[in-house]
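> Here it is, the structure in full.
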Amino acid sequence: MDSQDGGDLLAGFDPAEHVLTARQAQVLALRAEGCSQAEVADRIGTSRANVASIEGSARDNVAKARETVTFAETLAAPVRVTVPSGTDLYDVPDRVYDACDEADLTVAHAAPELLKLIHDAAGGAVADREVRTPIVVGVGEDGSVRVRRSG
């Protein structure tokens, strides 16, 4: 593949080692270069509707891969705090800090930053200040924080 078809961004891409097909990677690479879906369709010889479908599938695969990595990292984290639904989000950082103190770990974030990270990573599991769907907050040996829905 050359730069005309996203080849520069695909250097070293091996579909056997990734969650994306070669075509999905090609479409994402061209979109990352600023091409519209219509331009991508012209370059790879298909319809704009097909490009939209390929791009949607690729983004779904990337989201699933991210969730899988977060799941695995949370499972491997030495500190895991399960936060039940109904919990005030502002209470979560103290729960995380307390669990880390017991495990002799340091969280790599100050309370306001940790609160924002949890809120953003939890997505729809948190509304306003309330945890609506249970979440798990994992803290790694390096103090990194991972958040995922548990329900």
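> Please enumerate the residues belonging to the stretch 127-144 that are among the β-branched types (Val, Ile, Thr) and open to solvent by 10 Å² or more (accessible area, probe 1.4 Å).
Our first condition is that a residue be among the β-branched types (Val, Ile, Thr); within the stretch 127-144, this holds for 131, 133, 135-137, 139.
Selection gives Thr133, Val136.
> Condition first: under 22 Å from the mean Cα position of the chain (by Cα) and of a type in the set (A, V, I, L, M, F, W, C). Now tell me which residues in the stretch 100-115 satisfy that. Explain how you work it out, then say what you get.
First, the residues of the stretch 100-115 that are under 22 Å from the mean Cα position of the chain (by Cα): 107-115.
Correct list: Val107, Ala108, Ala110, Ala111, Leu114, Leu115.
> Quick check on my filter: what residues within the stretch 126-144 are closer than 23 Å to Asp101 by Cα and in contact with a Gly (Cβ under 6 Å, 6 or more places away or on another chain)?
Listed by number, the list holds a single entry, Pro134.
> Are any of the residues in the stretch 70-81 touching a Ser or Thr at 6+ places or on another chain (Cβ under 9 Å), more than 24 Å from Leu114 (Cα to Cα) and surrounded by fewer than 17 Cβ atoms within 10 Å (Cβ to Cβ)?
There is no residue in the stretch 70-81 that is touching a Ser or Thr at 6+ places or on another chain (Cβ under 9 Å), more than 24 Å from Leu114 (Cα to Cα) and surrounded by fewer than 17 Cβ atoms within 10 Å (Cβ to Cβ).
> Give the residues of the stretch 96-107 that are surrounded by 13 or more Cβ atoms within 10 Å (Cβ to Cβ) and free of Cβ contacts under 8 Å to residues at least 24 places away in the same chain, sorted by residue number.
Tyr97
> Looking at the stretch 31-47, I want the residues that are on the phi > 0 side of the Ramachandran plot and have a partner that is among the hydroxyl-bearing types (Ser, Thr, Tyr) and surrounded by 13 or more Cβ atoms within 10 Å (Cβ to Cβ) with Cβ atoms under 8 Å, at least 6 apart or on another chain. Which pairs are those?
none
> Does Val69 satisfy being without any contact (Cβ under 8 Å) to a residue 24 or more places away in the chain and not in a strand (DSSP E or B)?
Yes; evaluated as a whole, the condition is true for this residue.
> For the stretch 1-66, give me every one of the helices (runs of 4 or more DSSP H) that falls completely inside it and has 2 or more residues that are open to solvent by less than 80 Å² (accessible area, probe 1.4 Å) and either under 30 Å from Arg148 (Cβ atoms) or at pLDDT below 90 (or both). Step through it out loud before you land on a result.
Values: elements: 7-10, 22-32, 37-44.
Filter on the stretch 1-66 gives 7-10, 22-32.
> While we're looking at this one, here's another question. Tally the residues that are open to solvent by less than 70 Å² (accessible area, probe 1.4 Å) and at negative phi, restricting the search to the stretch 82-95. Walk me through how you get there before you give the answer.
Kept after step one, since they are open to solvent by less than 70 Å² (accessible area, probe 1.4 Å), are these residues of the stretch 82-95: 83-89, 92-93.
After this cut, where a residue has to be at negative phi as well, the list is 83-85, 87-89, 92-93.
Adding up the residues that qualify gives 8.
The values are calculated or read from the model by the stated rules, or taken from the named source; none is laboratory data. Given the structure is predicted, the values throughout are model-derived calculations rather than measurements. With ideal geometry, Cβ positions are generated from the backbone for all residues, glycine too; neighbour counts draw on all protein chains shown. Note: areas computed on protein heavy atoms with side chains; ligands, DNA, RNA excluded. Shrake-Rupley method; radii C 1.70, N 1.55, O 1.52, S 1.80 Å.
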